[in-house]
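Written out below as structure tokens is the structure these notes cover.
The values are calculated or read from the model by the stated rules, or taken from the named source; none is laboratory data. As the structure is a prediction and not an experimental result, all values here were calculated from the model. Counting neighbours? That spans all protein chains shown, and the Cβs are built from the backbone with ideal geometry, glycine included. Each accessible area value is taken on the protein alone, full model and side chains, heavy atoms only, with ligands, DNA and RNA left out. Shrake-Rupley method; radii C 1.70, N 1.55, O 1.52, S 1.80 Å.
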Amino acid sequence: MTEDHQSSVRNVIIVGSGPAGLTSAIYTARANLRPLVIEGEPSSTVDQPGGQLMLTTEVENYPGFVDGVMGPDLMGRFRDQAKRFGAEFLTARVDKGDFSKRPFELSVNGQIHKAHSVIVSTGARSRMLGLESESRLIGRGLSTCATCDGFFFKNQHI
């Protein structure tokens, strides 16, 4: 990002790059608002770029994918589409936000990014118990999303 972009006020900054953040990026980019997507950090467990779907195997409940799609593949398509329309991406975490004045300010690695609008789409995260077996069993019977995984347990006593 150039120094000129850092000092200027953007139309929109999107915090988060899961399905909601990238959908926002697609629509705002198509509206020529040149969004900046602050997508999170790959090393983080809280704000993974691409959101929780990056940790999901087969997604069978997303429209348009009759045979399902792998979570990371779906999010890659979302990201590519947003980029195609002009969304810019910053792979980092927001350290602090100031929404008490306009333009809004977001601090990222000590640099201030200003915007007229901020879309916060940081999603959710699963709350684990901290058991040693959780990482081994996730996706193999251990579920963190009843809406997502309930279908797999149909007609079973849980």
Checklist entry - Does PHE104 meet the test of being loosely packed, with under 11 Cβ neighbours inside 10 Å, more than 19 Å from the chain's Cα centre (by Cα) and of a type in the set (Phe, Trp, Tyr)? => result no
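Just name the residue that is most open to solvent (accessible area, probe 1.4 Å) out of those in the stretch 56-70 that are outside any loop (DSSP other than H, G, I, E, B) and not acidic (Asp, Glu).
Going through the stretch 56-70, the residues outside any loop (DSSP other than H, G, I, E, B) turn out to be 58-59, 69-70.
Within this subset, residues satisfying the condition of being not acidic (Asp, Glu) are 59, 69-70.
Details: VAL59: 12, VAL69: 15, MET70: 88 Å².
So the residue we want is MET70.
Collect the residues in the stretch 76-99 that are aliphatic (A, V, I, L, M) and in contact with a Ser or Thr (Cβ under 8 Å, 6 or more places away or on another chain), keeping them in residue-number order.
Going through the stretch 76-99, the residues aliphatic (A, V, I, L, M) turn out to be 82, 87, 90, 92, 94.
Passing the criteria: ALA87, VAL94.
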Next on the checklist: Can you pull out every residue in the stretch 125-151 that is open to solvent by 60 Å² or more (accessible area, probe 1.4 Å) and not aliphatic (A, V, I, L, M)?
Outcome noted: ARG125, ARG127, GLY130, GLU132, SER135, ARG136, GLY139, ARG140, THR144, THR147, CYS148, PHE151
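Listed here are the residues, each with its yes/no results for (1) more than 15 Å from GLY123 (Cα to Cα); (2) basic (Lys, Arg); (3) open to solvent by 60 Å² or more (accessible area, probe 1.4 Å); (4) in a loop (DSSP other than H, G, I, E, B).
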residue	(1), (2), (3), (4)
ARG10	yes, yes, no, no
ILE14	no, no, no, no
GLY21	no, no, no, no
PRO72	yes, no, no, no
GLY97	yes, no, no, no
